[in-house]
Every structure is written in C-alpha cells, then in structure tokens.
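*Asks:* Take this structure first; my questions come after.
The values are calculated or read from the model by the stated rules, or taken from the named source; none is laboratory data. Everything numeric in this text was worked out from a predicted model, so none of it was measured. Positions of Cβ are generated from backbone atoms using ideal geometry, with glycine treated the same way; all protein chains shown enter the neighbour counts.
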Amino acid sequence: GNYLFQKIYEKANEKQRTQILQTVKNHLVKASLNLHGTRSVQKILEHCRTNDEQVKVVREALEPHILQLCLDGNGNHVVQKGVQCLGVDQRDFLYRAVGQSLPAVACHRHGCCVLQRCLDSASPEQRRGLIAVVVVNALQLMQDAYGNYVVQYASCM
C-alpha cells in the first residue's frame, strides 16, 4: 500500500496533494512510526516544500510528536527527511523541538543521528542555538554512549 500511495502522491497535482494531505493528516504520526508508512510520509515531505499550506498541515500534525519520532527507528527518518527537504524557515519547528528535548535526543541511538543532521542543515543562527544547548548539557552528553558523539560533532562545527 505504501508504494501505491507514494506513486499516487507523486503523480498528483498540487491541489490533489493538498486534498490527500488533508485526508491523511491525522494518520501521519502513526504512519511515520511504521516500517512502510515512514516511506509515504517521507514522500510527502519531498513534495510539500513549495506549498506553504501543505507544510503547515504537516507541521501541525508532526510538531507535537517530534521527540517520539526522533527516538523511533522509523520515525527518525521522517524528521531527517524534513530537515533535508523543507526550506530553512519551514523546518525551524524541527530545530526548536529537537533543541527543547536535546539531551533525550542526543543520548539515543536514533536521536543522535537526527541531531547531527540538524546541525548539518541548520542556518548559522539555528546551528548556534543547537550548539548552545549542547554546551549547556555537555557534561551529561559526554558521559553517554551516543551523546558523546554529538558533543564531538558539534565541537567540529
């Protein structure tokens, strides 16, 4: 089913994509956490960048659940795809959510990868904000198997 959804979404025009997104918005988090559904949500993120209405729908659906997504084996790929595909201002909600939960994200095997992608893709201002939170939590992070990688990564930026 996810492959069919991706093809339909890919071939749809902007109006149809908006209608599809409105129909599935309440299922985006659950789909993101699913091995197959995550690919469909990633496809949505690939195509919604140029449509502010679609980005708003995705943001409203995912924003309250960013921490859960970052720590999930499937959901983290959705956050990383958002960081990769959305415009700098459009993905600000991702950086804010990661920054607010930074120790939990950084000290997790999937979360530390998300945080590193955030540092790679952030604007200079967004990067400074994330690094400031890393610095504040550096002692805790350095003592963690995954958090120490985040400290090392941030120190090279």
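*Asks:* Got a number for residues in the range 117-128 being assigned to a helix (DSSP H, G or I) and crowded, with 17+ Cβ neighbours inside 10 Å? Please lay out each step first, then the result.
*Replies:* Just the residues of the range 117-128 that are assigned to a helix (DSSP H, G or I), to begin with: 117-121, 124-128.
Filter again for crowded, with 17+ Cβ neighbours inside 10 Å, leaving 117-119, 121, 126-127.
The qualifying residues number 6.
*Asks:* Moving on to the next point. Identify, by number, the condition in (1) under 30 Å from Asn2 (Cβ atoms); (2) surrounded by fewer than 19 Cβ atoms within 10 Å (Cβ to Cβ) that Cys70 doesn't meet.
*Replies:* If we test Cys70 against (1) under 30 Å from Asn2 (Cβ atoms); (2) surrounded by fewer than 19 Cβ atoms within 10 Å (Cβ to Cβ), just (2) comes out false.
*Asks:* Something else about it: Specify the residue that is nearest to the chain's Cα centre (by Cα); the eligible residues are those in the range 86-104 that are surrounded by 18 or more Cβ atoms within 10 Å (Cβ to Cβ) and of a type in the set (A, V, I, L, M, F, W, C).
*Replies:* Leu94
*Asks:* How about the range 88-114: which of its residues are of a type outside the set (Gly, Ala, Ser) and in contact (Cβ under 8 Å) with a residue 40 or more places away in the chain?
*Replies:* Gln90, Pro103, Cys107, His110, Val114
*Asks:* Please determine, by comparing only the residues of the range 70-84 that are of a type in the set (Gly, Ala, Ser) and assigned to a helix (DSSP H, G or I), which one is nearest to Tyr95 (Cα to Cα).
*Replies:* Looking at residues that are of a type in the set (Gly, Ala, Ser) and assigned to a helix (DSSP H, G or I), I get Gly82.
*Asks:* Let me ask something additional. It is to be established whether one or more residues within the range 13-23 are buried (at least 22 other Cβ atoms within 10 Å of the Cβ) and of a type in the set (Val, Ile, Thr).
*Replies:* Scanning the range 13-23, I find no residue that is buried (at least 22 other Cβ atoms within 10 Å of the Cβ) and of a type in the set (Val, Ile, Thr), so the answer is no.
*Asks:* Let me ask something else about it. Residue check, Glu63 against (1) over 22 Å from Val133 (Cα atoms); (2) among the acidic types (Asp, Glu); (3) in contact with a helix residue (DSSP H, G or I) (Cβ under 6 Å, 6 or more places away or on another chain), all met but one. Which one?
*Replies:* So Glu63 meets the others, but not (1).
*Asks:* Cβ-Cβ below 7 Å, separation at least six or inter-chain, first residue in the range 66-87 and within 13 Å of Ile44 (Cβ to Cβ), second of a type outside the set (Ser, Thr, Tyr) and in a loop (DSSP other than H, G, I, E, B): which pairs?
*Replies:* Filtered contacts from the range 66-87: Gly82/Arg91; Cys85/Arg49; Leu86/Arg49.
*Asks:* Just the residues that are of a type in the set (A, V, I, L, M, F, W, C), part of a helix (DSSP H, G or I) and either over 16 Å from Ser155 (Cα atoms) or at pLDDT below 95 (or both), please, taken from the range 85-116.
*Replies:* Result: Cys85, Phe93, Leu94, Ala97, Val98, Ala104, Val105, Val114.
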